[in-house]
1. Only one of M64, M25, M1 is touching a strand residue (DSSP E or B) at 6+ places or on another chain (Cβ under 9 Å) and open to solvent by 10 Å² or more (accessible area, probe 1.4 Å). Can you tell me which?
2. So, of the residues in the range 150-172 that are assigned to a helix (DSSP H, G or I) and open to solvent by 10 Å² or more (accessible area, probe 1.4 Å), which turns out to be nearest to F29 (Cα to Cα)?
3. Which pairs turn up if I take residues in the range 239-252 that are modelled with pLDDT of 85 or more and of a type in the set (S, T, Y) and look for partners that are outside any loop (DSSP other than H, G, I, E, B) and open to solvent by less than 100 Å² (accessible area, probe 1.4 Å) with beta carbon separation below 7 Å, at least 6 apart in sequence or on another chain?
4. Mind checking which residues of the range 68-125 are open to solvent by 60 Å² or more (accessible area, probe 1.4 Å), assigned to a helix (DSSP H, G or I) and among the β-branched types (V, I, T)?
5. Pull up the range 180-233, narrow it to residues that are in a loop (DSSP other than H, G, I, E, B) and small (G, A, S), then point me to the one that is farthest from A32 (Cα to Cα).
6. Which residues, counting only those in the range 148-170, are without any contact (Cβ under 8 Å) to a residue 60 or more places away in the chain and within 17 Å of V110 (Cβ to Cβ)?
7. Restricting attention to the range 17-31, report how many residues are part of a loop (DSSP other than H, G, I, E, B) and touching a residue at least 40 places away in the same chain (Cβ under 8 Å).
Amino acid sequence: MLEISSGDARLDAFLADGYVRIRGMSSRFAAAICGRLLRHQTARGIAGDLLEIGTFEGRFFVAMALALEPAEHALGIDVFTWPSPAVYDHLLENCAAAGLAAGSYTAWKVDTRTIGAADLRARLPAGRARFIHIDGEHIPECLRNDLELAHAVLHPDGVIALDDMLHPGYPTLITTVIEYLQRRPEMRVFCIVDRESITAAAKFLLCRAELVEPYQRALMATYPQFHYLLGADVLGQLALVLTPDPTLPNVE
């Protein structure tokens, strides 16, 4: 198992055992890095709720919820119909098994295409989210809608994480993200978290432009062993790349 830590004892204990016991495809590598970002936010006094669109049985949802402060809330949204309606019950069982307090999270059965920003904001006790993970339906219509909903409730210092980027199974999904970045020039991709496998795919981490440098600095200081030195050019902006194997090819 790849050695990586979020720095949060409760979350790291879950990543060492319970994480892979929950059905899902989100990578443990990305979960540790995102958990570290939540710790960094807390240290900087950034408070707010957690939002996940596309929760399934809660693998990533539980991990991030474990890194929240006691007064913060985790909201997981899904239609909860695939592969059967039992997925909703499995989520609640997994949350309880991981030790999440019953009042610290909510599972909302809804298609995000049927709600507006005000509806979503009303479901967040803090009125905004400091960390948002989007892993909903992988079609342009849904991703476009989910990005706009996320943007509307994002904490000014918050992070949006997009799952399954650069995935060979969804090769055109990135075009919807590019369109969003062009509509919202204040937003940047500050980090690309590489895949562990074809299923545990890459994530893009987004924040407002003025936060790129402090978020990148925090991640580079924590994970120098995973830093791909060449980085990534995203619309003319340099994004940090963290990968399980950052070895550069020998071309001499």
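The values are calculated or read from the model by the stated rules, or taken from the named source; none is laboratory data. Owing to the predicted nature of the structure, the values given are computational and were not obtained by experimental measurement. All Cβ positions, even for glycine, are placed from backbone atoms using ideal geometry, and neighbour counts span all protein chains on display. What goes into the accessible areas is simple: the full protein's heavy atoms, side chains included, and nothing from ligands, DNA or RNA. Shrake-Rupley method; radii C 1.70, N 1.55, O 1.52, S 1.80 Å.
1. The conditions single out M25.
2. H151
3. T243/F226
4. Passing the criteria: only T114.
5. Looking at the filtered set, the residue picked out is G231.
6. Answer for the range 148-170, where residues must be without any contact (Cβ under 8 Å) to a residue 60 or more places away in the chain and within 17 Å of V110 (Cβ to Cβ): E148, A152.
7. The qualifying residues number 6.
Here is a yes/no grid of residues against (1) part of a loop (DSSP other than H, G, I, E, B); (2) of a type in the set (D, E, K, R); (3) in contact (Cβ under 8 Å) with a residue 40 or more places away in the chain:
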position: M1; (1), (2), (3): yes, no, no
position: S6; (1), (2), (3): yes, no, yes
position: L15; (1), (2), (3): no, no, yes
position: I33; (1), (2), (3): no, no, yes
position: I46; (1), (2), (3): yes, no, yes
